[in-house]
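Have a look at the structure below before the remarks.
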Amino acid sequence: MAISLSLTTANVILNGFFEDNSFVSGVEASSADAEVFQSLPAAPDAAVFPHLARWYKHIASKGDSIASLKTAEAPAAAATEAAAEEEDEDIDLFGSDDEEEDAEAERLKAERLAAYQAKKAAKPPGPAAKSMVTFEVKPWDAETDLDELQKLVKGIEMDGLVWAQTGQKVPIAYGVCKLQINATVEDAKVSTDDLIDKITEFEDYVQSVDIAAFMKL
């Protein structure tokens with residue numbers, strides 16, 4: 001996971017992410033957590049970023065073992081791949097090497113090919129690729145109700161879309177604030193362009209929508 005953001009923006013994004021997640025990837029600490037941890041120059045302020053600070057404290061408690069954290073689910077994935085390769089090796093697509101192939105040999109070849117294709121099709125798909133997107137929604141003026149705008153935005157439902165529990169009001173100028181809110185999306189199911197179009201449909205509230213940050217998970 002590559003992060004190229006200002007420290008404040010990164011902390012805001014990560015704090016929103018860890019509000020709904022215990023680790024960067026999977027159900028236990030992994031090398032992804034170590035990479036994010038090492039990219040932070042210091043412990044975050046728990047009063048400002050409570051969820052990020054909780055995660056940071058947990059990873060820091062591992063001490064020297066942080067560097068040895070393994071990639072999430074790598075052992076299981078490796079075992080699955082090895083088993084699949086072994087199954088593939090056990091299948092002889094071309095049957096016997098006898099020079100005289102009769103109808104029975106052809107039938108066996110066809111059966112073996114069908115069995116091979118069935119096993120390939122039955123292999124479970126890998127984990128869905130996900131990204132965390134930070135949207136910045138700019139209102140028309142200081143009179144715009146950002147709390148109501150947030151309800152409207154979070155009311156957008158799509159398969160593969162999960163909104164953060166809460167967004168943040170970020171001052172722009174002259175008393176005007178913009179709404180900054182995170183969403184976790186499955187890349188194959190959710191188009192950020194479609195999502196921006198849906199947010200922009202709230203034309204009484206929304207002047208423009210931008211993507212402030214985009215991180216692969």
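The values are calculated or read from the model by the stated rules, or taken from the named source; none is laboratory data. Keep in mind it's a predicted model, so treat the numbers as computed, not measured. Here Cβ is always computed from backbone atoms with ideal geometry, including for glycine, and neighbour counts include all displayed protein chains. These accessible areas exclude ligands, DNA and RNA; they are computed on the full protein's heavy atoms, side chains included. Shrake-Rupley method; radii C 1.70, N 1.55, O 1.52, S 1.80 Å.
Pairs meeting the criteria (first residue in region 10-23 and part of a helix (DSSP H, G or I), second residue of a type in the set (Gly, Ala, Ser), beta carbons under 6 Å, at least 6 apart or on different chains) are 13/213; 16/164. In this structure, is residue 174 among the hydroxyl-bearing types (Ser, Thr, Tyr) and in contact with a helix residue (DSSP H, G or I) (Cβ under 7 Å, 6 or more places away or on another chain)? Considered against the rule, which asks whether it is among the hydroxyl-bearing types (Ser, Thr, Tyr) and in contact with a helix residue (DSSP H, G or I) (Cβ under 7 Å, 6 or more places away or on another chain), residue 174 comes out as no.
Mind telling me which of the residues 50, 41 ends up being at pLDDT 85 or above, under 30 Å from residue 167 (Cα atoms) and open to solvent by 80 Å² or more (accessible area, probe 1.4 Å)?
41
Counting only strands (runs of 3 or more DSSP E) that fall entirely inside region 154-217 and contain at least 3 residues that are open to solvent by less than 70 Å² (accessible area, probe 1.4 Å) and either closer than 13 Å to residue 16 by Cβ or among the β-branched types (Val, Ile, Thr) (or both), the qualifying elements are 176-186, 206-216.
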